[in-house]
Every structure is written in C-alpha cells, then in structure tokens.
Amino acid sequence: MPVAETWLLPDGVADILPTQAHTIESLRRRLLDTFAVRGYALVYTPFIEYVESLLTTNNVGGGNNHDLDLVTFKLIDQLTGRLMGVRADITPQVARIDAHVHPIEGVARYCYAATVLHTRPQELSASRTPLQLGAELFGYAGLAADLEMIDLMLTILADAGLTQNLHLDLGHVAVFRALAAIAGFSAEQEQVLSNIYQRKSIPELKEFCQNIAHGNDFLVLGRLGHDLSALAAQLSPEARQNVDVQNALDQLATTLAHVQTHWPQVDVSVDATELRSYHYHTGLVFAVYAPNLAVPLAKGGRYDGVGQAFGRARPATGFSCDLYMLTGYLTQEEQIVVAAPAGREASLQTAIAQARSAGHVVVQALSFGKTTNALEIDHRATHTLVQVDKVWQIVKLES
C-alpha cells in the first residue's frame with residue numbers, strides 16, 4: 001500500500017480528536033452518573049463472543065434477529081473453530097448477564113456505554129462504530145417499567161442539553177400481532193404487511209387487504225393508528241374484544257397521558273403501526289426525534305422473553321442512544337487551559353494544584369526558558385500562570 005494511503009480509515013470509521021473526545025467523555029460520565037443514582041448498575045460486556053449469544057432474541061418471530069445478523073461482523077475463533085461476532089448491539093449481551101451470569105431475583109437494572117460495530121452504516125452518513133449508551137430493566141412485566149424507561153430516556157436527553165423541540169413517537173407491536181393472529185396470517189404475510197406499514201403506503205395496504213380475512217381491520221389500523229379512540233371504535237367486534245388489543249390500546253393511552261402530564265415540553269404522538277424491530281419487540285415501543293433529523297436520538301421498547309435462549313425468560317424493557325449523535329447537538333464549552341512555568345517551588349506547585357482543583361487544565365513547562373510563550377508550552381493555552389508581587393495568578397492570554 002502506498003504511504004499516502006496508510007493513514008486512511010474505512011468508510012464510516014473515524015478518529016475522535018481531543019476537543020470532541022473531551023466533550024463525549026464528559027457527557028458519558030455525566031449520563032452514567034444519572035443512571036447510577038437511579039439504581040442502574042454499570043456493566044462492561046465483551047466486544048466479541050459467539051454469534052449464538054449475540055444474535056439471540058425472544059424468538060417471537062422465530063429464529064435469530066435477522067436485522068441484527070446483517071449488521072454483525074463475523075469471524076472464526078482460532079482456538080475453537082466456532083463462529084464469533086463483534087457486538088453490533090449490547091442489549092443481547094446484557095440479557096445474557098441477567099439470565100445466566102448474574103441471575104438475581106426480582107427486578108434488575110443495568111446500564112452500559114461502549115462502542116459497537118456495524119457491517120454498514122445504519123443511516124445515511126452514520127458511523128459504523130457508534131458509542132452506544134443505554135439501560136435495561138428486567139423482571140417486571142407491568143407498564144410502570146416502560147414508563148420508568150421513557151422517563152429515564154427523556155432525563156438522559158435533558159442532561160445532555162436536549163430539551164427543546166423534541167418529539168416522542170409511541171407505538172405498540174401487540175396491536176398488529178393480535179390482528180395478524182385473528183386473521184390467521186403466515187409468517188410471510190406478517191412480514192409483507194409489516195413492511196407496508198413501515199413504508200406508510202396506503203395504496204399498497206388497500207391492495208394487500210382486498211382478499212384477506214379481516215382486511216378492514218388492517219385498513220383501519222393503517223388510517224387511524226394515530227387516533228386511539230377512532231381506531232378502537234372502527235375495529236371489528238372480534239378485534240375490539242381481543243384482550244391483547246385492549247391491553248395494547250390501554251397502555252398507549254396511559255403512556256400518552258403520562259408523557260403529556262410529566263413532560264409537557266415534549267411533543268408526543270401515537271402511531272400504532274410503528275413496527276420497528278417488529279420481530280424483536282413484544283409491546284410498547286418508543287423513539288425520540290429532533291427537528292430535521294430522520295433518525296431517532298434515542299429509541300427503545302419492551303422485549304419480553306429475551307433471555308429464553310440462555311435458560312431464563314424474563315420480562316424486559318430498555319432503550320439506547322448513540323453518544324456521538326448526542327454530542328453533535330451540544331454547544332462546545334470553552335475550556336480553560338493554563339500554561340505554567342517550569343519549577344518545583346512550593347508556592348508554584350500549590351497554585352497549580354489549586355487551579356486543577358478548580359477544574360482547569362494546567363500544563364507545566366518541561367524545561368526552563370519556555371515561560372514567556374504560553375502557546376509553546378501548550379498550543380491550546382488560553383491563560384497563563386504568572387507571579388505578581390510573589391502571588392501566583394491566572395491571567396487570560398490576549399487574543
């Protein structure tokens with residue numbers, strides 16, 4: 001390879017330079033503290049493990065998670081000959097911990113922040129190495145766990161400085177799944193109709209529903225998925241009496257009221273045809289969007305039974321976000337970098353220690369003779385440490 005190309009990185013992979021890295025790490029620490037004081041225990045998961053673990057789901061749709069399979073890099077373990085994968089999502093790993101590695105009784109709360117790797121960008125101009133931060137709650141099947149997760153997700157975004165013009169989208173995959181069961185759909189029919197809903201294509205929906213049982217229920221869902229009262233009124237009697245449909249619509253209504261009451265600054269809407277990760281999620285799903293951004297800032301939902309393959313199926317709900325995306329919305333704070341002269345005098349060292357205790361970056365010259373040019377001590381210097389009347393003072397550099 002020519003020398004001129006040795007520094008190039010693959011598409012979707014980038015270095016994080018000092019200023020951005022400082023912002024990301026500061027945010028990561030702050031958000032992990034937010035998790036910690038709410039009882040979410042931090043875990044570190046391996047970046048590589050056997051694909052059987054990485055691709056395990058709750059098997060609602062049968063088999064492994066196809067979407068996750070497509071974005072997972074795979075390689076052969078030189079020790080065992082088995083197929084391994086580099087994690088593309090941390091949620092299955094945390095489910096493995098809850099089910100087998102750390103199987104505590106009752107409710108368990110975990111959080112994480114680590115890099116994942118995707119075979120290709122998930123969205124236009126997205127990174128293939130997102131810094132995934134998230135939380136998972138295991139062991140509670142009630143709606144209260146989902147509400148806690150939504151509150152935590154919105155709190156995390158607020159802590160990151162994202163408080164204005166947010167939109168929360170709510171959905172519930174159980175409505176579609178129950179209607180599909182009533183209609184006696186095959187797995188292939190479910191997948192086709194799920195794709196139509198995700199494309200929001202009413203013409204395709206009308207054509208699909210012409211010759212199927214309970215076709216009008218699916219047309220109603222497509223037209224009125226955002227209006228819970230109208231949707232419930234226009235479903236067929238069999239669909240309205242279905243317990244799963246009733247529970248799903250009740251949960252959507254309760255969640256909508258909760259967000260409107262406790263997060264009035266957040267615009268919220270319902271879309272009962274939101275079937276993102278349909279074969280993975282089992283109940284309420286949610287995503288937060290910012291203006292002029294097609295991909296969500298954060299997303300999550302319920303995925304009961306995810307630990308089944310590990311021998312312990314448990315109710316579960318969670319959310320995740322990409323820290324790199326969040327920091328793109330932050331205003332860069334001006335960092336004070338103080339250039340200090342060389343020397344071990346007690347007064348100088350005390351002044352340096354006090355400045356560092358105040359949160360300032362202090363860089364001391366490595367040798368004498370560099371004390372008059374702060375930028376030679378550190379190119380980022382904004383201030384210098386000078387002695388005036390035997391007192392060390394921090395002085396701002398002139399522009």
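The values are calculated or read from the model by the stated rules, or taken from the named source; none is laboratory data. Predicted model, so just to flag it, every value in this text is computed and none were measured. Here the Cβ positions follow ideal geometry from the backbone for every residue, glycine too, while neighbour counts run over all protein chains shown.
Only residues that are β-branched (V, I, T), under 21 Å from R120 (Cβ atoms) and in contact (Cβ under 8 Å) with a residue 40 or more places away in the chain were counted in region 68-105, giving 4.
Is one or more of the residues making up region 333-342 within 30 Å of S127 (Cβ to Cβ) and in contact (Cβ under 8 Å) with a residue 60 or more places away in the chain? Yes, there is a match, as at least one residue in region 333-342 is within 30 Å of S127 (Cβ to Cβ) and in contact (Cβ under 8 Å) with a residue 60 or more places away in the chain. Checked against the criterion of being more than 17 Å from A160 (Cα to Cα) and at pLDDT 95 or above, the candidates A4, A41 yield just one match: A41. Could you tell me whether any residue of region 356-375 is aromatic (F, W, Y) and within 41 Å of the chain's Cα centre (by Cα)? Looking through region 356-375, none of the residues is aromatic (F, W, Y) and within 41 Å of the chain's Cα centre (by Cα). How many residues are closer than 14 Å to V175 by Cα and either in contact with a Lys or Arg (Cβ under 6 Å, 6 or more places away or on another chain) or assigned to a loop (DSSP other than H, G, I, E, B) (or both) if we restrict to region 209-223? Residues that pass the stated criteria total 1. Screening region 224-260 for residues that are part of a helix (DSSP H, G or I) and hydroxyl-bearing (S, T, Y) and picking the one that is nearest to K200 (Cα to Cα) gives S229.
Across region 1-51, what is the total count of residues that are in a loop (DSSP other than H, G, I, E, B) and among the aromatic types (F, W, Y)? Qualifying residue count for the region: 4.
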